[in-house]
Amino acid sequence: MTRYVMVVDLRRCIGCQTCTAACKVANGTPPGVQWRRVLDLETGSYPDVRRTFVPVSCMHCGNPPCLEACPTGATFKHEDGRVGIHYDLCIGCAYCATACPYHQRFRVTRQSFAYGSEPTPEEAHKFDPARLGVSSKCTFCSDRIDLASHSGRVPGVDPEVTPACVNSCIAGALHFGDRDDPASNVSRLLEQNRHFRMHEELGTDPGVYYLYAEGDRT
Amino acid sequence: MSGAFPTRTALGRQPYWDWRAASNFMLGGSGAGVLVYAAVCGERLLGLLGAALVGGGLLCVWFEIGRPWRALNAYRHGATSWMSREATVAPLLFASALGAAWLDSPGLRWLAAALAIAYVYCQARMLNAGRGIPAWRNPRSVPLLVASGLAEGAGLGVLAGGFWGPMALPVWPMVLLTALLSARVLALWSYRRALPKMVAPGRALRELSRFGRVSGAVDVLAIAVAILATADARIAPLVTASALIAAGSGWALKYSLVIRWSYEQPFAVPVTVARGGEVAPGARPEG
Ligand code: SF4
Ligand code: SF4
C-alpha cells in the first residue's frame, strides 16, 4: 500500500510563506482562499518570548471527518491516502468545512481577483468555473501525483511529481513521500526524529507530521 | 453563506452556516415536535403545520448551498452522512403527514411522529458531526436538540390549539409540555456540564456559560408557568406564555448553537521549538 504524507520540520521553517505563494500560483486560488499557509504562533511572555512557524494545509486525514459528513460523496479518498473533491458532485453545502478541525475547506461563490476587477493573465489562465460554489482545499497537487503513476517518477523525490509547496521551500522544511515505504525519505525522517501530528486526539489520523527534535520517540 | 470565506488565519466563529442553516434547525426541530404533538393529541390538521415547518427549514438550506440545482446529490452518501439521512427521512415524513391529514388516520399520524423523531435525531447528529466546532462536537448536543425540538413543537401545538379552538385545553397537553420543557432543562444542564472538556477556555466557553444560565432560568420559569397553567388550563395567558417560551427559548438556543457559539477548533501544537533547537512547551491559542 501507499500512504502519501507530508513531513514538516519545525526546526527549519522560518515563516517566509514561500510555500503559501507557490501554492497560490500553482493552484490559482482566489483572494481569501489559502490552501496552504504558515501560522505564526507567539508563546511565552516577555522576555522569554518564542515564535513558532507552523505550516498548515489539508492534513489528508486517514479518517477524515469531512468525508464522513459530506452528503454527496463529492469528498473521496484516493487509495494512496489523498483526500479529494469531485467538484461536479459537490453541492457547496459547506458541511465538510464545519467538520474539518483544521480549517482547511473553502468555498467561494463569485470570481474575484487580487488586483481590482480584472484578472491578471495568470488568474485568467488558472480560472476554473467548476470551483465556484463548491468546496475546495489542498489536493497535495494531485495532478502531479497522478502523473507519477504514468511516468514512474517518485513523488517527494522527483520535483515534477512533488507538491509545489515542497519544491518551493527555501529551508528544506517540507518533505513529501510514501509513509508505507520504509525506505522513503519521509519514513526515514519519521524514524530519526521526534514528531507529532496536530489534534491526533480527535481520531482523524492526519497525514501531516511535524518534526521537532532528533531521536526516535514520537 | 455567499461570497468568499475570510482568510481564516485568525479563528473565530465558523463562517459557513448562517441564519439559513440555523433556520433549518429551528424550523425542522419545531416541525418534528409539532408532528409528535399532533399524534399524541390526535389532531388531524396540526401535522400539516409540522410538515410545512420542516419543509420551510429545508427551503432555507436550499437557498444557502452553493450549487442549489444539484441539491438531489445530497441523497448520495447515506452510508455515513447525517445530512443525507436527514434528506432521506424528509420525503417520507411529508408523505405520512399528508396522508394522515387526508385520511384522518391515527396509524399514519403515529408513523409521521416516528419519522419526525427520526428527523430531529438526524438533525442533532448532523450538527454533532461538525467536528471542527467544539460546541457542536459535544455529544450532549444530541439529546439537547431532540428535547428542544419536541418542546418547541409542543409549545407550538398548544398555541395552534388555542388559535384554532378555545384555549380551554384538556390538562394533559400541558402536562406533556411541562415534561418536555423539563427534559430540555435537564439536557441543557448536562450539555453545559460536559462543555469544559470540549471547548477551550475562552470566548466560546464564556458565552456558552452566560447564555446557558439565562436560557436555563427562562425554561425553569416556563415550567413554573406551565405547572400553574396545568392546574387550570383555562388560564389562557399562562398557557400562552409557557407555550411561547417553549418555542422561543428553543429557537434562541439553536440560533446561538449554530451561529453564536460556533467557534472553530483552535490550532494547537503540543511543543514548540526555540532558537537553537531547544524544545519548549506547546501553543494553544484561546478558543
Ligand atoms: S484536514 Fe480537514 S479537509 Fe483535510 S482531510 Fe482532514 S478533515 Fe478533511
Ligand atoms: S460542500 Fe461539497 S464536498 Fe463539502 S460536504 Fe458539501 S457536498 Fe461534500
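Points worth noting:
- Helices (runs of 4 or more DSSP H) fully within segment B:31-148 counting 1 or more residues that are away from chain A (no Cβ under 13 Å), away from ligand 1 (no atom under 16 Å from the Cβ) and surrounded by 22 or more Cβ atoms within 10 Å (Cβ to Cβ): B:46-64, B:82-103, B:106-128
- Contact map, segment B:95-111: first residue of a type in the set (G, A, S), second residue outside any helix (DSSP H, G or I), Cβ cut-off under 8 Å, separation 6 or more or different chains; pairs are B:G99/B:S105; B:A100/B:R44; B:A101/B:R44; B:A101/B:L45.
- Test result for A:A69, over 25 Å from A:R194 (Cβ atoms), among the aliphatic types (A, V, I, L, M) and in contact with an Asp or Glu (Cβ under 9 Å, 6 or more places away or on another chain): no
- Number of the condition not met by B:Q265 [criteria: (1) crowded, with 21+ Cβ neighbours inside 10 Å; (2) touching a helix residue (DSSP H, G or I) at 6+ places or on another chain (Cβ under 8 Å); (3) not in a loop (DSSP other than H, G, I, E, B)]: (3)
- For first residues located in segment A:84-97 and more than 7 Å from every other protein chain (Cβ to nearest Cβ), partners that are away from ligand 1 (no atom under 14 Å from the Cβ) and not in a loop (DSSP other than H, G, I, E, B) and lie 6+ apart or on another chain with Cβ distances below 7 Å form the pairs A:Y87/A:A130; A:Y87/A:R131; A:D88/A:A130.
- First in segment A:106-117 and within 10 Å of another protein chain (Cβ to nearest Cβ), second anywhere and part of a loop (DSSP other than H, G, I, E, B) and charged (D, E, K, R), Cβ under 9 Å, 6 or more apart: A:F106/A:K137; A:F106/B:R8
- Residue identified as crowded, with 18+ Cβ neighbours inside 10 Å and within 12 Å of the chain's Cα centre (by Cα) among A:R3, A:R37: A:R37
So that you can scan it fast, the table gives a plain yes or no per residue for (1) on the phi > 0 side of the Ramachandran plot; (2) modelled with pLDDT of 95 or more; (3) within 12 Å of chain B (Cβ to nearest Cβ):
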site: A:A22; (1), (2), (3): no, yes, no
site: A:T43; (1), (2), (3): no, no, yes
site: A:D48; (1), (2), (3): no, no, yes
site: A:T52; (1), (2), (3): no, no, yes
site: A:V56; (1), (2), (3): no, yes, yes
site: A:N63; (1), (2), (3): no, yes, yes
site: A:E68; (1), (2), (3): no, yes, yes
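The values are calculated or read from the model by the stated rules, or taken from the named source; none is laboratory data. Quantities reported herein were computed from a predicted structural model and do not represent experimental measurements. Cβ coordinates were reconstructed from backbone atoms using ideal geometry, including for glycine residues, and neighbour counts include every protein chain displayed.
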